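The values are calculated or read from the model by the stated rules, or taken from the named source; none is laboratory data. Since this is a predicted model, take the numbers as computed values, not measurements. Cβ atoms come from the backbone with ideal geometry, glycine included; neighbour counts cover every protein chain shown.
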Amino acid sequence: MSTVAPPLLEVRGATVRFGVESALADVGFRLRQGEVHSLMGENGAGKSTLIKAITGALRLDAGEILLEGREMRFSSPADAQAVGISTVYQEIDLLPNLTVAENISLGREPRRWGVIDHRAMRARAESALAALDLDVDPASVLSSHPLAVQQLVAIARAVSTDVKVLVLDEPTSSLDADEVAELFRVIRDLKAQGVAIVFVSHFLDQVYEICDRVTVLRGGRLVGEYGTRELLRIDLVEKMLGAAGEALAPLGLREVAPTAEGPSVISARGLASGDRLREADLDIAEGEVIGVAGLLGSGRSELARALTGIDRPTAGDVLLDGEPVRLDTPREAIRSRVAYSSENRRTEGVIGDLSVLDNITLALQAQQGIFHRIGTARRRELALSWVEALHIRPSDIDRPVSTLSGGNQQKVLLARLLALSPRLIVLDEPTRGIDVGAKAEIQRLVGELSDNGLSIVYISAELDEVLRVAHLVAVMRDGVLAQIVPAAHLTSDALLALVAKPDSADSGDRG
Amino acid sequence: MVTLTEDRRSAASPTGSYRRFLSRHISWVPVFAAVAILVVMIAGAMWYFPNFQLNRILSSILLDNAYLLVLAVGMTFVILTGGIDLSVGAVMAFTGILCAKMLGDGVPVAVAIPAMVLIGAAIGLLIGVLVQFFDVQPFIASLVGMFLARGLAFVVSLESIKVENEGLLWLQSTRFSFAGWYITPTGIIALLTVAIAAFVLRYTRFGRTVYAVGGNEQSARLMGLPVVRAKLSVYVISGVCAGLAGIVLTAYSGAGYPLNGVGTELDTIAAVVIGGTLLTGGSGFVIGSMIGVFVYGLIRTIISFSGAEQSWTRITVGALLLLFVVVQRVIVSRSALSR
Amino acid sequence: MKKFLTHRLVWPIAALVALIAVNTISRPSFLSITMQNGQFYGSLIDILRNSAPLMLVALGMTLVIATRGIDLSVGAIMAVSGAVALTVIEASPDPGNIGVVFIAIAAAVGVALVLGVWNGFLVSVLGIQPIIATLVLMLAGRGVALLITGGFITTINSAPYKFIAGGYVLGLPFAFFVSIAAVITIAIVERRTALGMLTEAVGINPEASRLAGVRSRGIIWGAYIASGVLAGLAGILYSSNIMAADANAAGLYIELDAILAVVLGGTSLAGGKFSLAGTVVGVFTIQTLKSTITFLGVPPAVSPVFMAAAVLIVVLLQSRRFRAYFHTAGRSALRPLTRRSDAKVLS
């Protein structure tokens, strides 16, 4: 299904070097009008470097970028925006302290007699929002809206200029199913209007759902460009990884009989915390893996945080071996051998500027207290053994953790928790933003740990993943732990149905 | 479409319109708080002190604190971008004494005054360049400016220099009165500064860029806003205001004095914070800073009225600053939770 | 060789050495140390003695900065501490009594400790930004000191108290020993226990540290308490030097000198990794600089200009951008630094 139309945007021979390393080597990319095109590759494949070059945030060392046949030289993002290339970044780079209308017009505010015309600005925002059929108050401050809405405002901003190319960088990482559907509706509208869209995402399902074509990068080089209708998922993964995609095969661990007997290591009764978690009853046996599935806002993370002392529960009890305990702070939880791995790996997990060594030994040292310093030799020994056990690469423990890839950072975080010899660990989105290979590794690790008697709570937005690792699945709906089902014979469609089941009591209540 | 955006629908109900008001004007809340405090203080003072005449008191507060008002305007710009400028007191002293010396040497007023403003701008530019191009933290960079200015002030003269120049003194000695209120040209200058600044911040792209930089500098940069220019400019503006304040202060006290403005930067920061500008940047208004200056001036007046020692002024300002900051903190953490 | 050059103490030490060299060239007597009545004298000795208050304050400031904070109130705490001590001594019938002096010192340090607890409370419990939290005390503290002294500059006559700043032990100034003791104590506490590493973790990322079970709040609070106590001790040194409690002049601008010393020593204002040795070098550098300026006959009032120049040079040298201009001529320096992670790649 090759089109005859010349590409709207073309990149030829793009090369970017950082010192000795090449982030991009002779990469080509073609984007046609009205096309949704996905850029795919593992971490370090060069996706973000290519995006930065296209959007003017980075200059190429070699190669050229052509828009509508004309060569472009961008010296700043403003240049790219001026010719119609707009980007919506994963971190929603809008200004939370300004209003929706201001954000939409920022940098191009309508003026009357040299002075900003606020009324016209609001009108422009209203029409931009209406064009996407969005119901948002233009005069409201951006930070008063949830992330999903902010993202749509970002798109409205891009669209309110004469956008030719819209780049969406990981747009769905923080969205739930409804919000993703809304986003896709907007994307299709834009497509119909002739806008070319670059869709960068880890979620294969979404790529196949919304994209027409796919360009795969690996190690800074171009692997190829394909139509999504012609390329099998397994082939796509193979091209990304460069090896047979064993990643997608089921781990085959979950055929073990669910551990229905066995005393509970930890239980929760009527647990509630803040606005988001209303009621949860849970029992976890030794060596059991409980997957937690639910829409965003259903209370998944809140459950994790209430169970592990990160947030103080406002109601309910947590019982350890049948005895009620108060886990009000992370310290107390860790003392009871309950550990938590945050979904915000970079801000609440690893400490980027500290070395791998320091990161791994941090919690253990904190537990032992200030006056019982773990000797240097012992610390190094400990860290090295974990690096080996979890295959953390590179294995230099004095490197700052920030220089490691996402997957290895997650492993460092895991090592830190495991060094505490916990009985229960709660992993909140441990594989988010991690490439397929590392994902599989971590999932396998979880299986091994559970075989060794560690109880695990595993939260993930990817239902497939939950089914792959868990014995039981706890379904969260609107702050309530609605039901617990064995994972063994559940399909992802069936789980999706359980997760998405509308509750009569909650229409219009929260976003 | 799921309930992503329920604002319009719930706007009809009372909680809905309250929430909508809050979602539109959240940054004004700290300013309202400052106004409330001002009103309470005025009411209390009027009740407690028999000869407390509102129009006379407010006029004299403006008279005595015009220099602080000008400084606060400049400081607001800097703090809005998330920075800080500790040099303003020293720059004010430096331009003040240099002005006095120039006038004493026969330089015409029409030359001396612009020269002061330019010098203030130059020092501000130095600080801005350090912050923007050399990644120096604003704290340190403005310290450099402060040391430089303070030392230069002493290079000009180790002692105070009296000003005899008619032109400059006119700024202070003239009074325009109306119904018990009065104002001097220095007061007019100060109020004009506030008005121009407010206009620039709300109605120019530069002003919106200042807010953007304070909100999220990286986003602003990625959006292609002239971040570099904005960050440089706010320090230049602060320097200009410091130069202007030097002129105002010299006119007010009739002399240049190299030890002027010691600690004034702190008073300025206190006024700006009390006036509702968040130190983290991105939120605040010059009108608020003006309220903050009036609160400061009122405290000073009340303390001298009650015959207590002047050192209580600083203590009270400190306590009030603390109160404001704690309240700001509660509001901020409350709104963060509800997101 | 490269590792030697990039060790973070190299530049501060080089600056200090250069400064000493410049001094020695212009006045060879700078390095000379003479002995009289069993006591050493000389410019170097003066530096050792006069740097003691700044050393104490800078040590405390290092800890606070490491937790990503700042303590602007140290000067005011010095003033209060001096005021308390001298008021106690003055009120006593026997000012020369060592016991009285001890009580005075204890009272002063006690009050300083309370002020440190106050600062720490505002920052670690209420979560107020350190600049503002300590600004409050900076504003109010001197006023409080003035109230304690009743608005006057209290003077006293007490031999034991005078010894603190003026006395000699083993030929060297007692004040110097005080600062050495402080350096050693803090170094032991920070590096021999786990406190140093945990403080760095808290400074770099307080929330992640909290989740890892680190007592973030306690560590931050402790840093401000330490800063307060050290400032209290510095206040005693200062007031002992002039045998008076001058609430307005005590510790004026010392917070700035201290911050500069810390920054000169390589600790970043952004918090995290800190260097006590660097701060020590920084303190000596600043003190030597002041001595140089005085020697050059510059009126002390003008000395800030030279401080500004010195800070400017150091800060430029430390600036990544500045170094980039010289190391890689051309493209790397010109490529826009859009994200922080890029900045790492460029240097």
Note: among A:R393, A:R399, A:R373, just one is out of contact with any Asp or Glu (no Cβ under 9 Å at 6 or more places or on another chain), modelled with pLDDT under 90 and over 26 Å from C:G196 (Cβ atoms), namely A:R393
Being in contact (Cβ under 8 Å) with a residue 40 or more places away in the chain, within 14 Å of chain A (Cβ to nearest Cβ) and assigned to a helix (DSSP H, G or I) is the requirement here; does B:I79 meet it? yes
Filtering region B:280-298 for residues that are within 14 Å of chain C (Cβ to nearest Cβ) and surrounded by fewer than 21 Cβ atoms within 10 Å (Cβ to Cβ) leaves a count of 1
Checked C:S239, C:S216, C:S209, C:S227 against criteria (in contact with a strand residue (DSSP E or B) (Cβ under 7 Å, 6 or more places away or on another chain) and either hydroxyl-bearing (S, T, Y) or within 9 Å of chain A (Cβ to nearest Cβ) (or both)); the one match is C:S239
Scanning region A:106-121 for residues that are surrounded by fewer than 20 Cβ atoms within 10 Å (Cβ to Cβ) and more than 7 Å from chain B (Cβ to nearest Cβ) gives A:R108, A:P110, A:R111, A:R112, A:W113, A:G114, A:D117, A:H118, A:R119, A:A120
Note on region C:14-29: residues within 24 Å of C:G278 (Cβ to Cβ) and either assigned by TED's automatic domain parsing to the domain that holds C:G265 or without any contact (Cβ under 8 Å) to a residue 40 or more places away in the chain (or both) are C:A14, C:V17, C:A18, C:A21, C:T24
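Specify the residue that is nearest to the other protein chains (Cβ to nearest Cβ); the eligible residues are those in region B:156-166 that are surrounded by 17 or more Cβ atoms within 10 Å (Cβ to Cβ) and out of contact with any Phe, Trp or Tyr (no Cβ under 9 Å at 6 or more places or on another chain).
So in region B:156-166, the residues surrounded by 17 or more Cβ atoms within 10 Å (Cβ to Cβ) come out as B:156, B:160-161, B:163, B:165.
Filter once more, keeping what is out of contact with any Phe, Trp or Tyr (no Cβ under 9 Å at 6 or more places or on another chain): B:163, B:165.
Numbers: B:V163: 21, B:N165: 25 Å.
In this case the residue turns out to be B:V163.
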Residue pairs qualifying under the 9 Å Cβ cut-off, at least six apart or on distinct chains, with the first in region A:425-451 being farther than 30 Å from A:S336 by Cα and among the charged types (D, E, K, R) and the second being at pLDDT 90 or above and in a helix (DSSP H, G or I), are none
- Query: Looking at B:L169, is it within 14 Å of chain A (Cβ to nearest Cβ) and more than 20 Å from the chain's Cα centre (by Cα)?
  - Reply: no
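With the condition kept exactly as written, say whether any residue in region C:83-90 is within 14 Å of chain B (Cβ to nearest Cβ), part of a helix (DSSP H, G or I), out of contact with any Phe, Trp or Tyr (no Cβ under 9 Å at 6 or more places or on another chain) and not aromatic (F, W, Y). Quick ask: steps written out before the conclusion?
Of all residues in region C:83-90, those within 14 Å of chain B (Cβ to nearest Cβ) come to C:83.
In the following step, the residues that additionally are part of a helix (DSSP H, G or I) were identified as C:83.
Still in the running and out of contact with any Phe, Trp or Tyr (no Cβ under 9 Å at 6 or more places or on another chain): C:83.
Adding the requirement that they be not aromatic (F, W, Y) leaves C:83.
Yes, because at least one residue in region C:83-90 is within 14 Å of chain B (Cβ to nearest Cβ), part of a helix (DSSP H, G or I), out of contact with any Phe, Trp or Tyr (no Cβ under 9 Å at 6 or more places or on another chain) and not aromatic (F, W, Y).
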The residue from C:L56, C:L48, C:L63 that alone is assigned to a helix (DSSP H, G or I) and either more than 30 Å from A:L354 (Cα to Cα) or charged (D, E, K, R) (or both) is C:L48
Among helices (runs of 4 or more DSSP H) entirely inside region C:154-258, those with 1 or more residues being aliphatic (A, V, I, L, M) and within 29 Å of C:A104 (Cα to Cα) are C:159-166, C:174-187, C:216-242
Within region B:301-311, of all residues that are surrounded by fewer than 21 Cβ atoms within 10 Å (Cβ to Cβ) and not small (G, A, S), the one nearest to the other protein chains (Cβ to nearest Cβ) is B:E309
Practice item. Could you tell me whether B:S27 is over 26 Å from B:V248 (Cα atoms), without any contact (Cβ under 8 Å) to a residue 60 or more places away in the chain, out of contact with any Pro (no Cβ under 6 Å at 6 or more places or on another chain) and within 14 Å of chain A (Cβ to nearest Cβ)? Key: no
C:L135: passes all of (1) more than 7 Å from chain B (Cβ to nearest Cβ); (2) aliphatic (A, V, I, L, M); (3) under 20 Å from the mean Cα position of the chain (by Cα) but (1)
### Task
Would you confirm whether any residue within region C:218-233 is at pLDDT below 95 and more than 19 Å from C:G116 (Cβ to Cβ)?
no
Over region B:120-136, the set of residues within 8 Å of chain C (Cβ to nearest Cβ) and over 16 Å from B:A230 (Cα atoms) is B:V136
Would you confirm whether any residue within region A:340-350 is in a helix (DSSP H, G or I), buried (at least 22 other Cβ atoms within 10 Å of the Cβ) and over 26 Å from the mean Cα position of the chain (by Cα)?
no
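Residues that are part of a loop (DSSP other than H, G, I, E, B) and either of a type in the set (A, V, I, L, M) or in contact (Cβ under 8 Å) with a residue 40 or more places away in the chain (or both): does region A:364-375 have at least one?
Scanning region A:364-375 turns up at least one residue that is part of a loop (DSSP other than H, G, I, E, B) and either of a type in the set (A, V, I, L, M) or in contact (Cβ under 8 Å) with a residue 40 or more places away in the chain (or both).
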If we ask which residues in region A:459-495 are within 19 Å of the chain's Cα centre (by Cα) and either farther than 9 Å from A:A293 by Cα or surrounded by fewer than 20 Cβ atoms within 10 Å (Cβ to Cβ) (or both), their number turns out to be 6
### Task
Output yes when any residue across region B:255-266 is over 24 Å from B:D85 (Cα atoms) and touching a residue at least 24 places away in the same chain (Cβ under 8 Å), and no when none is.
yes
Going through region B:217-230 in order, the residues found to be surrounded by fewer than 24 Cβ atoms within 10 Å (Cβ to Cβ) and touching a residue at least 40 places away in the same chain (Cβ under 8 Å) are B:E217, B:V228
Taking region A:79-125 and keeping residues closer than 24 Å to A:G56 by Cα and of a type in the set (V, I, T) leaves A:V83, A:I85, A:T87, A:V88, A:I92, A:I104
Among B:T250, B:T268, the single one that is within 14 Å of chain C (Cβ to nearest Cβ) and among the polar types (S, T, N, Q) is B:T268
| said: Take the conditions within 14 Å of another protein chain (Cβ to nearest Cβ) and either assigned to a loop (DSSP other than H, G, I, E, B) or touching a Phe, Trp or Tyr at 6+ places or on another chain (Cβ under 9 Å) (or both) and apply them to C:I128. Does it pass? | reply: yes
- request: Please work out if B:A112 is free of Cβ contacts under 8 Å to residues at least 60 places away in the same chain, within 16 Å of B:V240 (Cβ to Cβ) and either more than 14 Å from chain C (Cβ to nearest Cβ) or surrounded by fewer than 18 Cβ atoms within 10 Å (Cβ to Cβ) (or both).
  value: yes
Is at least one residue of region C:145-158 under 23 Å from C:A181 (Cβ atoms), touching a Ser or Thr at 6+ places or on another chain (Cβ under 6 Å) and away from every other protein chain (no Cβ under 14 Å)?
no
Checklist entry - Is at least one residue of region A:31-50 in contact with a His (Cβ under 8 Å, 6 or more places away or on another chain) and either among the hydrophobic types (A, V, I, L, M, F, W, C) or more than 30 Å from A:Q410 (Cβ to Cβ) (or both)? => result yes
